[in-house]
Amino acid sequence: MSLFRNITWFLKGLKEYTKGGYEAAAKKFNPADLDVSVSNRSFMITGANSGVGRCTALAIAKKGGTVHMVCRSKERGEEALKDLQEKSGNTNIHLHLVDLSRPKAIREFVEKFRSNGTPLNVLINNAGVLVSGDQRTLTEDGLETTFATNTLGVHILTTGLVPVLENSEDPRVIIVTSGGMLVQKLDLSDLQFEKMRKFDGTMAYSQTKRQEVVMTTMYAKEYPKVHFSTCHPGWADTAGVRSSLPDFHAKMKDRLRTEEQGADVMLWLAVAPSASKQPSGLFFQDREPVSTHLPLAWTKSSPAEDQKLMDILQEMSQKF
């Protein structure tokens, strides 16, 4: 079954996730969807110092939006901040330094943001970790790095900011996941990959991306005042792909999307009026809702399993 999933997914990716896939999909786009001003709206983007996150931040800044960049590296964050302000001519771009693998740091940031009364219309959870190689790594809190950043960190940041979002007009949360989640079924027995016979960073990443999809559908039910969505940017030529998946990049570099093409669906979900008219909790690819499962792949989890994931995350988040 694992082999079947991987082959089916890769063939799908060659057709849909590449530059050619984007160009084919773009023929159906409505250009007017992005012809909007967001000068009265505020956006928070994690991982906004590079890749598709940076492209999205720049596009929003050019449209007049207030941008809150959430980055881990002070040096790279400050460089990106200066560059975005210069290219957009927008000074309403703010840098927040937060390590999204550290639950306490996220909690402290959320509490400060909320206490300051800063408005927020859109949260884009873009930052993510893909550990290259076969070495399982732990954070200072003893959490597996991939799970801490991609799952628990996203949960703490999102749920912590929901009260702010609920008080704003047309609130949205976008979680940038990956088509790689299609090869994974939710596995509650090994959330931190302690039982993996040999740690596989790519599979750990894909499992956390499956978790994000489940989380989003559950958020949509729990917080009906906020519009939630997940999206897959496709296979884009970013620094993260080059460093984490060097072999894949070397083989596919001529077929990879540009960062701007990868960022398109994120930008559309963040600003287009038509995006929030879609039902909450869906998974998007190139501005269209698509299935979260491959045909005949047996990757669906039960409602009880989905709820158990949320219970575990809530219990873990309360420890910090």
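The values are calculated or read from the model by the stated rules, or taken from the named source; none is laboratory data. No experiment lies behind these values; they were computed from the predicted model shown. Reconstructed Cβ throughout: ideal geometry from the backbone, glycine too, with neighbour counts over all protein chains shown. The area values use the complete protein model at the heavy-atom level, side chains included, leaving out ligands, DNA and RNA. Shrake-Rupley method; radii C 1.70, N 1.55, O 1.52, S 1.80 Å.
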Open item on the list: Return the residues of segment 69-104 that are within 28 Å of D141 (Cα to Cα), touching a helix residue (DSSP H, G or I) at 6+ places or on another chain (Cβ under 7 Å) and open to solvent by 30 Å² or more (accessible area, probe 1.4 Å); say none if nothing qualifies.
Closed with: L95, H96, L97, D99
TODO: Answer yes or no: is there a residue in segment 222-237 that is farther than 25 Å from K12 by Cβ and among the hydrophobic types (A, V, I, L, M, F, W, C).
DONE: yes
Task: Scan of segment 82-140 for residues that are farther than 18 Å from S42 by Cα and of a type in the set (V, I, T), ordered by number - done: V98, I106, V129, V131, T137, T139
Open item on the list: Would you confirm, using the coordinates I've provided, whether S280 is polar (S, T, N, Q), within 30 Å of A105 (Cβ to Cβ), in contact with a Phe, Trp or Tyr (Cβ under 7 Å, 6 or more places away or on another chain) and in a strand (DSSP E or B)?
Closed with: no
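Let's see how each residue does on (1) open to solvent by less than 20 Å² (accessible area, probe 1.4 Å); (2) out of contact with any strand residue (DSSP E or B) (no Cβ under 7 Å at 6 or more places or on another chain); (3) not charged (D, E, K, R):
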{"position": "W9", "(1), (2), (3)": "no, yes, yes"}
{"position": "K19", "(1), (2), (3)": "no, no, no"}
{"position": "A25", "(1), (2), (3)": "no, yes, yes"}
{"position": "A32", "(1), (2), (3)": "no, yes, yes"}
{"position": "S37", "(1), (2), (3)": "no, yes, yes"}
{"position": "T46", "(1), (2), (3)": "yes, no, yes"}
{"position": "G64", "(1), (2), (3)": "no, yes, yes"}
{"position": "V67", "(1), (2), (3)": "yes, no, yes"}
{"position": "I106", "(1), (2), (3)": "yes, yes, yes"}
Open item on the list: So, in segment 194-231, exactly how many residues are open to solvent by less than 10 Å² (accessible area, probe 1.4 Å) and in a loop (DSSP other than H, G, I, E, B)?
Closed with: 1
TODO: Could you tell me whether segment 255-264 includes any residue that is assigned to a helix (DSSP H, G or I) and within 19 Å of K209 (Cα to Cα)?
DONE: yes
TODO: Kindly list the number of the only condition in (1) touching a residue at least 60 places away in the same chain (Cβ under 8 Å); (2) open to solvent by 10 Å² or more (accessible area, probe 1.4 Å) that fails for E144.
DONE: (2)
Task: One residue from L152, L186, L130 being part of a loop (DSSP other than H, G, I, E, B) and closer than 19 Å to F228 by Cβ - done: L186
Task: Elements of type strands (runs of 3 or more DSSP E) contained in segment 1-117, each with 2 or more residues being without any contact (Cβ under 8 Å) to a residue 40 or more places away in the chain and closer than 26 Å to L165 by Cα - done: 66-71, 93-97
